[in-house]
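Asker: Could you have a look at this structure, given as structure tokens, before my questions?
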Amino acid sequence: MKQIVFGMLLSAMAAAAPLHAGTPEKVVPLKYGDMDQWVVRHITESGIIGGNTKTLYEIGPNRTLNGNNAYTNLGGSPWGTSNVMAKVMGVVKTNNSVYREKRGTGYCAKLTTHIESVKVLGLMNIKVLAAGSIFLGDMHEPITSPKGGEKYLNFGIPFTGKPKALRYDYRVAVNGSKDRIKQNGFSRKQTVAGQDYATTVFLLQKRTEDAKGNITAKRVGTMVVRYGKTTNGWINNATYEILYGDIRKNPHYNAATMGLRQTDYARNSKGESVLVRETGWAPASEKPTHMVLQFSSSHGGAFIGTPGNTLWIDNVRLVY
């Protein structure tokens, strides 16, 4: 699963560049971005793995859903999460790594990296690392294969605006381990060099689909930030400038975090999940077709991270 300080540490300082002083701004909240409304799902896992009823949270209109039914975004919500129901070889299993948590008179989103276990006496004992992630897009349920989970994500939403910045409230807790682990359930736990970071990725793309349904994209706007230290409570109204056009000569450019991507999947006009291949940088004047936004408690990709790393997100807004 793909699948957003410090104490404070930013490895992509461009994300924290200040906006131009004295410029009047317009602030536009993302739909359900105040994190005060949630869909609560009650799903009963298969008896062979215990038959427990689990609670999954989705960002959308206040509603409670009972039953093992595939979820699709409700109420026009643009948000997907890493909370999923899987049904592999007839066995129903859930993962919940995004939680609704009380904050003041409302709620926020709590994203956490943890180990998800499946144990059947005498048959299997599988442990998988799962990061908490919320993103613009949706998840296709149920997951039917333990491999290639990223293909179930529809990453990004149609969008033609050109905001100056992304603004939100956040809080971070990390355990400070110098290395991460990789645990995918099919091989032994491995050590992965390097600290785990919570991360925010914001991209504007101009996407094109060919006759075969393949999707390519030019990068229009970029904002990436990593959080590597525990914060002293909430950081409110954190505002990160979006950089437009080819930013490779920008002094704040970090190729490892801000370079062109070929790892994300989206649903094409035929309803198929296909890889979105970024092929170049669009001029700064270009109008985007899609917005990508993901907050995650870990940064290393599927099955890689540090258990316990947690990112809280609230009040997500665009600044014009």
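The values are calculated or read from the model by the stated rules, or taken from the named source; none is laboratory data. Predicted, not measured: the structure shown is a model, and the values here were computed from it. No Cβ is skipped: glycine too gets one built from the backbone with ideal geometry, and neighbour counts run over all protein chains shown. SASA here: full protein model, heavy atoms, side chains in, ligands and nucleic acids out. Shrake-Rupley method; radii C 1.70, N 1.55, O 1.52, S 1.80 Å.
Asker: Kindly flag which residue pairs out of Lys164/Lys270; Lys151/Lys249; Lys54/Lys102; Lys212/Lys287; Lys31/Lys164 have an alpha-carbon separation exceeding 28 Å in this structure.
Answerer: From Lys164/Lys270; Lys151/Lys249; Lys54/Lys102; Lys212/Lys287; Lys31/Lys164, over 28 Å: Lys164/Lys270; Lys151/Lys249.
Asker: Now for a separate question. Relative to the compact globular guide of 2.2 N^0.38 Å, what is the alpha carbon radius of gyration of segment 217-320, as a ratio?
Answerer: 1.22
Asker: From the backbone phi of segment 127-139, what are the Karplus-calculated ³J(HN,Hα) couplings (6.51 cos²θ - 1.76 cosθ + 1.60, θ = phi - 60°) in whole Hz, Gly and Pro given as x?
Answerer: Once θ is set to phi - 60°, the couplings for segment 127-139 become 10, 10, 7, 10, 9, x, 8, 10, 8, 7, x, 7, 10 Hz.
Asker: Something else: Which whole-number value in Å² is the accessible area per residue of segment 124-242, probe 1.4 Å?
Answerer: 43 Å²
Asker: Here's a follow-up. So who's got an amide H within less than 5 Å of the one on Tyr71, skipping anything under 5 residues away but keeping other chains? H placed 1.01 Å off N, in plane.
Answerer: Distant-sequence amide H within range of Tyr71: Glu141.
Asker: Same structure, new question: Over all alpha-carbon pairs of segment 151-191, lay out the pair-distance distribution in 10 Å bins, whole %, shortest bin first.
Answerer: The calculated distribution, bin by bin, is 16, 22, 34, 24, 5.
Asker: Ok, one more. Taking amide hydrogens as modeled 1.01 Å from N in the peptide plane, which residues meet the under 5 Å criterion relative to Arg103, leaving out close sequence neighbours?
Answerer: Answer set, sorted by chain and number: Cys108.
Asker: What number comes out for the charge environment of Ile242, summing +1 per Lys or Arg and -1 per Asp or Glu over other residues with Cβ under 15 Å away?
Answerer: In short, +4.
Asker: Please figure out what share of the DSSP beta bridges in the chain is antiparallel and state it in percent, rounded to the nearest 5. Display every interim value, and only then the final one.
Answerer: Details: 88 of 98 bridges.
Around 90 percent antiparallel, to the nearest 5.
Asker: Could you pull out every one of the lysines with an alpha carbon less than 18 Å from that of Lys182, ignoring same-chain neighbours closer than 8 positions?
Answerer: Lys2, Lys127, Lys147
Asker: Could you give each residue of segment 94-111 its phi-based ³J(HN,Hα) in whole Hz, using Karplus coefficients 6.51, -1.76, 1.60 with θ = phi - 60°, and x for Gly or Pro?
Answerer: 10, 10, 10, 10, 10, 10, 7, 10, 5, 9, x, 8, x, 10, 9, 9, 10, 10
Asker: With a 1.4 Å probe and all protein chains kept in place, how do His140, His42 rank by accessible area, largest first?
Answerer: Highest to lowest solvent-accessible surface, that is His140, His42.
Asker: I would also like to ask the following. If you wrap a convex hull around the alpha carbons of the chain, what volume per residue comes out, as a whole number of Å³?
Answerer: With only Cα atoms used, the chain gives 142 Å³ per residue.
Asker: Which residue, chosen from Ser273, Asn250, Ala211, occupies the Cα position most advanced towards the positive end of the dipole of segment 195-279, where the dipole is computed from +1 (Lys, Arg) and -1 (Asp, Glu) charges on Cβ about the Cα centre?
Answerer: The Cα lying farthest towards the positive end belongs to Ala211.
Asker: May I ask you to rank Tyr170, Tyr197, Tyr320 by accessible area, largest first, using a 1.4 Å probe over the protein chains only? If you can, show how the numbers build up before the last one.
Answerer: Working: Tyr170 5, Tyr197 40, Tyr320 75 Å².
Heavy-atom accessible area, descending, gives Tyr320, Tyr197, Tyr170.
Asker: I've got another one for you. If you place +1 on the Cβ of every Lys and Arg and -1 on the Cβ of every Asp and Glu, how big does the dipole about the Cα centre of segment 170-294 come out, in debye to the nearest 20?
Answerer: 300 debye
Asker: Share of the chain's accessible area from carbon and sulfur, percent, 1.4 Å? Intermediate results must be reported in sequence, preceding the final value.
Answerer: Numbers: 7250 of 14260 Å².
The nonpolar share, carbon plus sulfur, comes to 51 percent.
Asker: So what's the projected area for segment 55-167, the Cα convex hull averaged over all directions, in nm²?
Answerer: On the way: hull surface 37.0 nm².
Result: a mean projected hull area of 9.2 nm².
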